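Q: Before anything else, here's the structure in question.
The values are calculated or read from the model by the stated rules, or taken from the named source; none is laboratory data. Note that the coordinates shown come from a computational prediction; the quantities given were computed from them, not determined experimentally. Note that each Cβ is placed from the backbone with ideal geometry, even for glycine, and that neighbours are counted across all protein chains shown. With ligands, DNA and RNA removed, areas are computed over all heavy atoms of the protein, side chains included. Shrake-Rupley method; radii C 1.70, N 1.55, O 1.52, S 1.80 Å.
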Amino acid sequence: MHKNIISLLLLSIAAVATAGGFYNPWEEIVRPSTGEHQIFGGYNAGCLQGASAPRDTGNGFQYIELSRNKFWGHVSTHRFIERMGSVLRPQGMSLLVADVSMPRGGPFTWDHASHQVGLDMDIEFLQDPRSLQRDLTIDERERLPKYYLADQDANAVIEKNWSEKYVTMLRTFAQDDAVHVMFVHPSIKKKICENPANRQSWLAKVQPWWGHDEHVHVRLKCPADSPNCKSKPDFTEIGCDTQEFLWWFSEEWRQLYEARKKWQRDNPNPEPEPLPSLPTQCQSVLKDVGTR
């Protein structure tokens, strides 16, 4: 574990999630459990035993917002970041890695529906030129701006922010065998689909979803060391011309989008959703004394 992460971890204080009597014990935990790496359950309802912290800086990557204490993951996730950084750094890119999972995985109250087993990670679209020259300070990593590739209201790519380097980034991720799927704003996939040369098998792993206008959500496959990890079917359809994909640009989608916006305006402080039912092994992970 890198000294910067150790320093932050020792200074962190667990925040108990309470909202109208709601309590999420997973968000109290500041350290991982003991035991070998094991994933129990699935991406949206699971936990992680023996989570590992990353090197917060390496060749072509830097983890950001370390104070959130959501950089914990399965070792395969941190190895993936290291591989991708080493491939993309010579092409003038530096990866800024945000949330992975909490110290023992488990459900979030607000931030994410998934990210529960240490195999999901958010990688910013921001390419901070300083990160190509030096390690960012801890304070700088806390205050990085968002860099939007898509305008959610217009449901379109922001052309002045677009660059072919993002195609290179996503293609590089997708071509790694460990990757199961990636989620981006629908207009980002649409932009990539516009070039016939991009309509190759790797693009099947790039799937549209709400938000994801300033980062890509990368999800890895279940690792071999975790037989209790619940995998999902692979994506095989490139999807540029399917009805499922074109729906994201339909009038029905627009009506739903506007209804969602109105609901969010009318409900600025909604009650949290109930926590999902987790595998029985997760109780042992939660109650473990933890590392010291």
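Q: How many percent of the accessible area of the chain is carbon or sulfur, using a 1.4 Å probe? Intermediate values should be presented prior to the final figure.
A: Numbers: 7140 of 13940 Å².
Ligands and nucleic acids excluded, carbon and sulfur reach 51 percent.
Q: Also, quick follow-up: If I model a spin label at ALA259 and VAL289 as a point 7 Å from the Cα along the Cα→Cβ vector, what separation in nanometres do I get?
A: Going by the 7 Å Cα→Cβ label model, 5.3 nm.
Q: Another question, then. Show me the GluC sites (Glu not before Pro) within the range 220-265 that DSSP assigns to loop and that have at most 16 other Cβ atoms within 10 Å of their Cβ.
A: Of the GluC sites (Glu not before Pro), the ones in loops of the range 220-265 whose Cβ has at most 16 other Cβ atoms within 10 Å are GLU237.
Q: For VAL184, enumerate residues with amide H under 5 Å from its amide H, sequence gap 5+ or separate chain, H modeled in the peptide plane.
A: HN-HN under 5 Å from VAL184: GLN207, TRP209.
Q: While we're on this one: Once both labels are modelled 7 Å past Cα along the beta-carbon direction, what's the ARG130-THR168 spacing in nm?
A: For the pair ARG130/THR168, the computed spacing is 2.4 nm.
Q: Could you tell me the distance between the Cα centroids of the range 128-169 and the range 223-292, to the nearest Å?
A: 24 Å
Q: Suppose the chain between GLU252 and GLU271 were pulled fully straight at 0.36 nm per residue; how much longer would it get relative to their current alpha carbon spacing?
A: The span from GLU252 to GLU271 would gain 4.1 nm if fully extended.
Q: Follow-up. Might you tell me the accessible area per residue for the range 102-261, computed with a 1.4 Å probe and given in Å²?
A: Working: 7460 Å² over 160 residues.
Here the per-residue accessible area is 47 Å².
Q: 222 nm [θ] for the chain, helices only, -39500 (n - 2.57) per DSSP H run of 4+, per residue, to 500?
A: Per the formula, -7000 deg cm²/dmol.
Q: In addition: Name the residues whose placed amide hydrogens come within less than 5 Å of the amide hydrogen of GLY46, ignoring near sequence neighbours (fewer than 5 apart) on the same chain.
A: The answer is GLY106.
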